[in-house]
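The values are calculated or read from the model by the stated rules, or taken from the named source; none is laboratory data. Quick caveat: nothing in here was measured; it's all calculated off a predicted structure. Here Cβ is always computed from backbone atoms with ideal geometry, including for glycine, and neighbour counts include all displayed protein chains.
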Amino acid sequence: MTPKERPILFCTEMVAALRNGDKTQTRRLLKPAHLKKDGAFTIPGTNGNFSPPHGMAGDKLWVRESFKVTKCGDLLSYTHDTHYTHYTHYTVEYKVEYKAGGNQTVKAMIDSIDYYQLTRCAGNPANKWRPNLHMPKQICRLFLNLIAVRLERLHDISEADAKAEGAVIEDGSYVTNYKRIWEEINGQGSWDDNPWVWVYVFTIDKRIPDPS
């Protein structure tokens with residue numbers, strides 16, 4: 001079976017940890033929408049089966065992070081739709097900066113929606129950082145290879161797991177630091193709820209290498 005590729009959002013702090021090789025796990029909330037008839041995971045005390053929204057071991061994830069386009073180069077080529085009424089794909093060279101650090105010149109084929117979005121972004125005098133949700137795949141620089149997926153309670157995280165989440169020592173503990181990170185992302189008090197979470201374990205594939 002061909003591995004599937006799905007997007008996944010990361011905040012700037014966690015993107016920096018990915019780039020440094022310090023982050024090889026991520027935890028995401030289990031939600032009612034993950035209840036599937038053909039799900040491969042169960043929870044003790046429930047009758048439902050659950051399916052991880054970001055895929056299984058062997059699948060790939062591409063990281064969406066905050067970015068801005070600082071320069072939009074010439075239109076290199078394009079293709080028409082079948083009726084020749086408008087262009088559908090463009091090949092353009094972009095200069096992209098990433099909020100977590102680093103920049104790349106990317107030559108990519110993108111569709112008309114992304115083309116106008118990125119061109120408008122590059123022409124914006126304010127040139128604000130774009131939210132990670134708006135990043136098109138063509139300018140992504142970090143890809144993750146899933147090697148394991150499991151379900152567990154948030155509080156089951158170990159010191160080794162918290163370190164693999166990109167946490168640092170805080171008050172003598174990686175878990176203490178991870179608790180702060182979790183609540184910054186999910187809201188104050190969310191740690192105490194001890195929810196069920198998906199645990200994704202991965203290796204990192206930098207398809208666009210960082211500048212030396």
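I'm told Asp192 meets every condition in (1) within 22 Å of Ser51 (Cβ to Cβ); (2) assigned to a loop (DSSP other than H, G, I, E, B); (3) charged (D, E, K, R) except one. Can you identify the failing condition by its number?
Here Asp192 clears every test but (1).
What are the residue pairs meeting all of these: first residue in the range 15-35, first residue assigned by TED's automatic domain parsing to the domain that holds Pro53, second residue small (Gly, Ala, Ser) and in a helix (DSSP H, G or I), Cβ atoms under 9 Å, and 6 or more apart or on different chains?
That search, which allows pairs on different chains as well, returns Asp22/Ala16; Asp22/Ala164; Lys23/Ala16; Lys23/Ala17; Lys23/Ala164; Thr24/Ala164; Gln25/Ala162; Gln25/Ala164.
For Ser51, state whether it is at pLDDT 90 or above and closer than 24 Å to Ala148 by Cα. Show your work before the answer.
On the way: at pLDDT 90 or above: yes; closer than 24 Å to Ala148 by Cα: yes.
Here the answer is yes, as Ser51 does meet what is asked.
If we scan the range 139-153, do we find a residue that is at pLDDT below 95, farther than 18 Å from Ala17 by Cα and either part of a helix (DSSP H, G or I) or basic (Lys, Arg) (or both)?
yes
State all residues of the range 34-70 that are under 21 Å from the mean Cα position of the chain (by Cα) and in a loop (DSSP other than H, G, I, E, B); if no residue qualifies, say none.
Matches in the range 34-70: Ser51, Pro52, Pro53, His54, Gly55, Met56, Ala57, Gly58, Asp59, Glu65, Ser66.
Between Val168, Val201, Val197, which is crowded, with 19+ Cβ neighbours inside 10 Å and either at pLDDT 95 or above or in the same structural domain as Arg28 (by TED's automatic domain parsing) (or both)? Spell out how you get there, then give the answer.
Working: Val168 fails: crowded, with 19+ Cβ neighbours inside 10 Å; Val201 fails: crowded, with 19+ Cβ neighbours inside 10 Å.
The unique qualifying residue is Val197.
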